[in-house]
Amino acid sequence: MAAEAVVAPPGAKVMVKRHRLSVRITHWINVIALALLLVSGLQIFNAHPALYWGKAASFANPWLSMTAERYGDKTFGTTFVGGLSFNTTGVLGASKEQGVLVERGFPAWATLPPYRSLTIGRRWHFFFAWVFAVNGLIYLATGLINRHLTREVLPRPKDLATVFKDPHLRLKFSKGPDSARYHQTQRIAYATMVFIVLPLVALTGMTMSPGLNAAFPFLLDIFGGRQSARSIHFICANLIVAFVLIHLLMVLLSEPINQIRAMITGKLAIQPETAP
Amino acid sequence: MNRRTWITGLAASAAGMFAASCAKVSSAPTTLKMLHVAEKWSKTAQGAIIGRHALAPEFTEADISPDFRANGSIDPGDLDYKALLAGRFADWRLVVDGLVESPLSLSLADLRALPARTQITRHDCVEGWSSIGKWTGPRLSALLDQARLKPEAKFIVFHCLDTLDPNTTNPGMAKYYESIDLVDARHEQTILAYDMNGQPLAVPHGAPLRLRVERQLGYKQAKYIGRIEAVASLDHIGGGAGGFWEDRGYEWYAGI
């Protein structure tokens, strides 16, 4: 944004406007909400660590499940996914709680609270579900009004056509004015989260509510039943984790301090293009 | 002790302290009380969106779960319950009392003589699984009309015959109990089921009578009902939160 107009001595950095206030505030609230939704969600998942497709559970045929099995005096954690089984002892199915291997889907370090408590998991989850939903609606509303979404996030046809030319794919990060705008891959990744995955995680969450089923029965039809909605909710959570890991990796590989500062103060330091 | 073990030890103890403080803060009574406001938001928002009369989805015979799971009490050990079961519930009576003009005492035959509703609905356990079953029984509102609720009645409480927590220090919290408000009590699909899938209710599913309140989670569907009480407030029921699981931290409004 307006970086071309800046005149500076060669090699000097200049601060340019990078992130709007509304984006910065909703971003950090989202960080807190999604982190707590994830760890409390894994706690809730642990109450019945199995997933099904359809309206109801077919207990003998989950497409994913985590169980503990005992052979003699040894406990093993097993994860079943789509007909395959994996020994995941110590992480999934069976992991240590205060030094003892116990049956639990996700391990203590990944759940809130660390020990087993569906009630406390639900308390955290539904509180931060409200925070996430209200914050997300504010982000979408301000983003539509100030055109952040349509101008800066939504991929344009030329972004899709040139996606493989994005230097970010080769982990090349410019420090010039080019770094003060979203590249093709960023637009696609952010738009996928903002317009598809995050709405989907909210809607599938609502579809699991028996109360809301009475108000919006069509949501059950869209997602193929309550147990399918629970599966999609879980898959979306995994996609969000994958997105966040890549997002953090990109920040670390580019200019972590500059980038994080820009998301707090709104200003990014760039090297202006040197005159030819 | 070299520098490396020192740093590793420091990192490990920092991680341990972080985990311990997470456990403490995440379950501190003040924290939980603060987070509890969300239940009010959910109840208010859902109440406004859903309305009084919206029906829970109903399913077809083909959707009925062959493996409908039973949770909570599945074989009550209470001697009075065992005696009633041995007599095939001939001596069982459903008592309807509390804030009503004319208390009732009904046998299973009395209940079966009332007009019944049959519905195929989904049972959603708070743990996350669902099973679909067919339920038959009179509407709760028919019994409340027969007993004539007093105007000060605000909640309907279900007192059950099964002891689920024999170790509690509060005798009012040992047997199962649940409560709903009058909106749900009068809802068309709120029935007292004596049949499941065309057969008399089996013991694991709450014989001889269980509640179906279809817009809420499984723990609201009280089994082994012996008495229905109309009350003005839930303060004096069990621990005061309105139900067995509610007194152990779960939400009273279980529409989510």
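The values are calculated or read from the model by the stated rules, or taken from the named source; none is laboratory data. Only a predicted model underlies this, so the values are computations on that prediction, with no experimental measurement involved. Backbone-built Cβ (ideal geometry, glycine too); neighbour counts: all protein chains shown.
Within the stretch B:153-172, the residues that satisfy the criterion of being closer than 21 Å to B:Ser233 by Cβ and either surrounded by 21 or more Cβ atoms within 10 Å (Cβ to Cβ) or not hydrophobic (A, V, I, L, M, F, W, C) (or both) are B:Lys154, B:Phe155, B:Ile156, B:Val157, B:Phe158, B:His159, B:Cys160, B:Asn170, B:Pro171, B:Gly172. Look at (1) closer than 24 Å to B:Ile74 by Cα; (2) in contact (Cβ under 8 Å) with a residue 24 or more places away in the chain; (3) within 14 Å of the chain's Cα centre (by Cα) and you find that B:Phe155 fails only one, number (1).
Can we say A:Ala262 is within 16 Å of B:Ser130 (Cα to Cα) and in contact with a Leu (Cβ under 7 Å, 6 or more places away or on another chain)? Taking the combined requirement at face value, the residue does not satisfy it.
Look at B:Met1 and say whether it is surrounded by fewer than 11 Cβ atoms within 10 Å (Cβ to Cβ), in a loop (DSSP other than H, G, I, E, B), modelled with pLDDT under 90 and more than 10 Å from chain A (Cβ to nearest Cβ). Considered against the rule, which asks whether it is surrounded by fewer than 11 Cβ atoms within 10 Å (Cβ to Cβ), in a loop (DSSP other than H, G, I, E, B), modelled with pLDDT under 90 and more than 10 Å from chain A (Cβ to nearest Cβ), B:Met1 comes out as yes.
Identification of helices (runs of 4 or more DSSP H) wholly contained in the stretch A:149-226 with 2 or more residues that are in contact (Cβ under 8 Å) with a residue 12 or more places away in the chain and of a type in the set (S, T, N, Q) yields A:184-191, A:198-207.
Per the conditions (1) surrounded by fewer than 21 Cβ atoms within 10 Å (Cβ to Cβ); (2) over 18 Å from B:Gly98 (Cα atoms); (3) modelled with pLDDT of 95 or more; (4) not hydroxyl-bearing (Ser, Thr, Tyr), the sole criterion not satisfied by B:Gly137 is (1).
Scanning the stretch B:247-256 for residues that are within 11 Å of the chain's Cα centre (by Cα) and either over 19 Å from A:Arg116 (Cβ atoms) or among the polar types (S, T, N, Q) (or both) gives B:Trp252, B:Tyr253, B:Ala254. Residues of the stretch B:218-254 that are surrounded by fewer than 23 Cβ atoms within 10 Å (Cβ to Cβ), in a loop (DSSP other than H, G, I, E, B) and within 14 Å of chain A (Cβ to nearest Cβ): B:Gly239, B:Ala241, B:Gly249, B:Tyr250, B:Trp252, B:Tyr253. Scanning the stretch A:98-151 for residues that are buried (at least 21 other Cβ atoms within 10 Å of the Cβ) and more than 14 Å from every other protein chain (Cβ to nearest Cβ) yields a total of 2.
Annotation note: of A:Val201, A:Val194, the sole residue that is buried (at least 21 other Cβ atoms within 10 Å of the Cβ) and either modelled with pLDDT of 95 or more or at positive phi (or both) is A:Val201. Would you say A:Thr79 is modelled with pLDDT under 95, under 16 Å from A:Pro107 (Cα atoms) and either away from every other protein chain (no Cβ under 11 Å) or in a helix (DSSP H, G or I) (or both)? Answer is no for this residue. Selection of the stretch A:55-76 for residues being among the small types (Gly, Ala, Ser) and more than 9 Å from every other protein chain (Cβ to nearest Cβ) yields A:Ser65, A:Ala68, A:Gly72.
Every listed requirement among (1) surrounded by fewer than 18 Cβ atoms within 10 Å (Cβ to Cβ); (2) within 22 Å of B:Leu108 (Cβ to Cβ); (3) in contact with a Leu (Cβ under 7 Å, 6 or more places away or on another chain) is met by B:Lys150 save one, (2). The residue list B:Glu39, B:Glu58 contains one member that is in contact (Cβ under 8 Å) with a residue 40 or more places away in the chain, under 20 Å from B:Ala241 (Cα atoms) and either at the interface with another protein chain (Cβ under 7 Å from one of its Cβ atoms) or surrounded by 11 or more Cβ atoms within 10 Å (Cβ to Cβ) (or both), which is B:Glu39.
Let me spell it out: the conditions are (1) touching a residue at least 60 places away in the same chain (Cβ under 8 Å); (2) under 17 Å from the mean Cα position of the chain (by Cα), and A:Leu140 meets all of them except one. Which number is the exception? That leaves (1) as the condition not met.
Within the stretch B:165-182, restricting attention to residues that are without any contact (Cβ under 8 Å) to a residue 60 or more places away in the chain and of a type in the set (Ser, Thr, Tyr), the residue that is farthest from B:Tyr253 (Cα to Cα) is B:Thr169. Residue under question is A:Ile232, and the condition is that it be in a helix (DSSP H, G or I) and away from chain B (no Cβ under 14 Å); does it hold? The answer is no for A:Ile232. Looking only at residues of the stretch A:214-227 that are at the interface with chain B (Cβ under 9 Å from one of its Cβ atoms) and under 23 Å from A:Pro62 (Cα atoms), we find that the one that is surrounded by the fewest Cβ atoms within 10 Å (Cβ to Cβ) is A:Leu220.
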